[in-house]
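Nothing in this text is a laboratory measurement; each read-out follows from the coordinates by a stated rule. Computed from a predicted model, the values in this text were never measured in an experiment. FYI the Cβ positions are ideal-geometry reconstructions off the backbone, even for glycines, and counts take in every protein chain you see.
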Amino acid sequence: MSGAVFGADFRLAYTVLIAVIAIQRMWELRVSRRHLRALKARGAIEVGAAHYPWLVALHTAFLLSCVAEVWLLDRPWRPAVALVAISVLGLALALRWWTLRTLGNRWTTRVIVVPGEDLVTTGPYRWLRHPNYLAVVLEIAAIPMVHFAWLTATVFSFANLALLKERIRVENRVLSRLATGGAG
């Protein structure tokens, strides 16, 4: 059992970490749906919905793959790699929460536009156009590496980048319309 260090098997602890992350994501989806209802009541429209089911599938498969790789391929626990991965994950989570807090009730997991509202330019948006996507990129690279699931980190990083390319294209198109006074 290569997941053991000094006689301790860290696979169970890692599985609990993934479960906690999954619970957090389910909570985020509930918050997103609540925000979406309120935004639509204010006239919001959704843009680029075609890629959304693919994002949900990717993130679901990602969490399952993290656990499967560690258990089925008996990935080793590498404390030095885990420490770096946990540090990156901490930074990603801080950026994610800062982004969610900055957007407040405007945050959703979908691309939503309320015609006539100004772009958010505070918080991390002062420096980055898509701070939450940077957080997601860091999370997808770091979470598997907490228990050296390098295959999951590699495959899902590339898959996520491909989907983010489309999502960012859609968002940039609508954001540029808002910045110039258009409505989506």
### Query
In percent, how large is the relative contact order of the chain, given Cα pairs closer than 8 Å and 6 or more residues apart?
32 percent
### Task
Only helical DSSP H runs with n ≥ 4 go in: add -39500 (n - 2.57) per run for the chain, normalise by residue count and round the 222 nm mean residue ellipticity to 500 deg cm²/dmol.
-23500 deg cm²/dmol
### Summary
Everything considered on the Cα gyration tensor (a ≥ b ≥ c; rounded for a/c under 1.5, else prolate if a/b is larger than b/c, else oblate), the chain must be described as prolate
## Note on the structure
Computed over segment 121-164, the convex hull of the Cα set has an average projected area, in nm², of 3.3 nm²
### Task
Give, as a single signed number, the net charge of other residues whose beta carbon lies under 14 Å from the beta carbon of residue 119, with Lys and Arg counted +1 and Asp and Glu -1.
+2
#### Entry: Selection from 14, 102, 89 lying farthest towards where the dipole of the chain points positive, charges on Cβ
102
### Query
Are there any helices in the chain, counted as whole DSSP H runs, that stretch 18 Å or more along their axis by Cα and score at least 1.0 on average by Kyte-Doolittle, and if so which?
52-72, 79-103, 131-145
### Message
Exposed loop sites here are trypsin sites (Lys or Arg not before Pro) in DSSP loop states with at most 15 other C-beta atoms within 10 Å. What is the longest stretch of the chain lacking them?
### Response
43-128
### Message
Give me the dipole magnitude in Debye, nearest 20, for the chain about the Cα centre, with unit charges on the beta carbon: positive for Lys and Arg, negative for Asp and Glu.
### Response
640 debye
### Message
So if I take the centroid of the Cα atoms in segment 129-175 and the same for segment 26-91, what is the distance between those two points in Å?
### Response
9 Å
#### Entry: Choice from 120, 70, 146 with maximal GNM fluctuation in the chain (Cα, 10 Å cutoff)
120
